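Worksheet: one structure, shown below.
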Amino acid sequence: MSQLSLDEPSPAPGGSRVLKLTVAYDGTDFHGFAAQPTTRTVEGVLRDALARVLRVDELSLSCAGRTDAGVHAWGQVVSLPLGGVTDVDPVRVARAVTRQLAPEVVVRDAAVVGGDFDARHSARWRAYRYTVVNRPAPDPFLARTAWWVPEHLDLTLLRLGADPFLGEHDFATFCRKGPSGSTTVCRVQESCWHDLGDGVLRYDITASAFCWQMVRSIVGTLIEVGMGKVRPGDVLQLLRARDRNAAGRVGAPQGLCLWEVGY
C-alpha cells in the first residue's frame, strides 16, 4: 500500500495540512464523480468512507476532474483539508477506505501535503485514455471499459485526424456548454492512437485542462474519420468553426478513463 512520498514531505506539526489521495475506480455503476443528494456517486461513497475513517461529521473534497456517469479513473486525485483532524496516518487511511469500497473504488496512494495544495487548482495537466474495441463482435471482458465499434477503422486515418488537436485551440466545437464565464480554450500536449493488438485501439490525450465531454466528443469525431466519413484535413476546420453542431457523435462513456494528473 502507499506511503508518504519523498518529494511530498508531511508539513510541520501545527501547520495547515491537506490529505492528498490518488484514487482508481470503475465508474460503471456510479452516476459520475460529483456528489448528488439522491444518486450514487464516487464522491458520495468516498466522502462517507473518509468521514468514518477520520471520525468527522462533514468534510469537503476537491478532485482533479469531475468524471461523468460511466467514466472510469486510474489516477484521479482528491484533496481534503484536514483542519482540526490530527495524527493522520495516510497509509492507514488508504487501507481503511479501500477495505470499505474495493473493488469499485481503491485508494492507490495517500500523502499529507501542505495546505496550499488543491487537487483541481494545483493541477498542471491531465491525461485521459480512451479504449475502442474494433472487431465484428463485442468483447464481454472489455464491455465495461471500452467502446465497441464494429465498423472497420483505418488506423492511419485515425492518427492523421488526431494531429490537428495538438497545440492551443478553442475547443467549443467539442465541448458541451459549461457554466457562464468558463473557457473552452485548452492546450493539448499529446493526441495519438495506439494499436494494442487483437482489434483493441487506444487514444491518449494530455492537456492543460479539459472542458465538459471534450474527450468523448473528440473521439466520436475521430471514429468518423477512421470510418472515412470525415476527412482528416477537415478536422482543423471543425476546430476553427467553434460550433458544437459541427462535431460528430459523442463516444460512449465506458471507454474513457482519467489516467494521470500532473502537478
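The values are calculated or read from the model by the stated rules, or taken from the named source; none is laboratory data. These numbers were taken from a predicted model, which means no experiment stands behind them. Here the Cβ is made from the backbone with ideal geometry for all residues, glycine too, and neighbour counts use every protein chain on show. What goes into the accessible areas is simple: the full protein's heavy atoms, side chains included, and nothing from ligands, DNA or RNA. Shrake-Rupley method; radii C 1.70, N 1.55, O 1.52, S 1.80 Å.
Assorted remarks:
- Residue satisfying all of: in the stretch 50-82; open to solvent by 20 Å² or more (accessible area, probe 1.4 Å), in contact (Cβ under 8 Å) with a residue 40 or more places away in the chain and within 18 Å of residue 126 (Cα to Cα); farthest from the chain's Cα centre (by Cα) among these: 62
- Among the residues of the stretch 228-263, those that are within 25 Å of residue 28 (Cα to Cα) and part of a loop (DSSP other than H, G, I, E, B) comprise 248, 249, 250, 251, 252.
- Residue-level check: of (1) touching a residue at least 12 places away in the same chain (Cβ under 8 Å); (2) over 19 Å from the mean Cα position of the chain (by Cα), residue 156 misses just (1).
Conditions tested, residue by residue: (1) assigned to a helix (DSSP H, G or I); (2) on the phi > 0 side of the Ramachandran plot; (3) open to solvent by 30 Å² or more (accessible area, probe 1.4 Å).
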residue: 117; (1), (2), (3): no, no, yes
residue: 123; (1), (2), (3): no, no, no
residue: 129; (1), (2), (3): no, no, yes
residue: 132; (1), (2), (3): no, no, no
residue: 144; (1), (2), (3): no, no, yes
residue: 158; (1), (2), (3): yes, no, no
residue: 161; (1), (2), (3): yes, no, no
residue: 168; (1), (2), (3): no, no, yes
residue: 176; (1), (2), (3): no, no, yes
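- Some residue of the stretch 221-228 being open to solvent by 30 Å² or more (accessible area, probe 1.4 Å), in contact (Cβ under 8 Å) with a residue 24 or more places away in the chain and under 22 Å from residue 68 (Cβ atoms): yes
- Any hit, the stretch 191-202, residues being of a type outside the set (Lys, Arg), surrounded by 21 or more Cβ atoms within 10 Å (Cβ to Cβ) and assigned to a strand (DSSP E or B): yes
- Residue count for the stretch 238-251 satisfying the condition of being open to solvent by 20 Å² or more (accessible area, probe 1.4 Å) and closer than 17 Å to residue 133 by Cβ: 1.
- The listed residues are 176, 231, 242, 249, and the only one of them that is free of Cβ contacts under 8 Å to residues at least 12 places away in the same chain, over 25 Å from residue 22 (Cβ atoms) and not polar (S, T, N, Q) turns out to be 231.
- Scanning the stretch 210-257 for residues that are over 10 Å from residue 172 (Cα atoms), at pLDDT below 95 and among the basic types (Lys, Arg) turns up just one, 249.
- Qualifying residue in the stretch 83-97 (condition: within 28 Å of residue 212 (Cα to Cα) and open to solvent by less than 70 Å² (accessible area, probe 1.4 Å)): no
- Qualifying residues in the stretch 179-190 (those that are open to solvent by 70 Å² or more (accessible area, probe 1.4 Å) and in contact (Cβ under 8 Å) with a residue 24 or more places away in the chain) - the one nearest to residue 124 (Cα to Cα): 189
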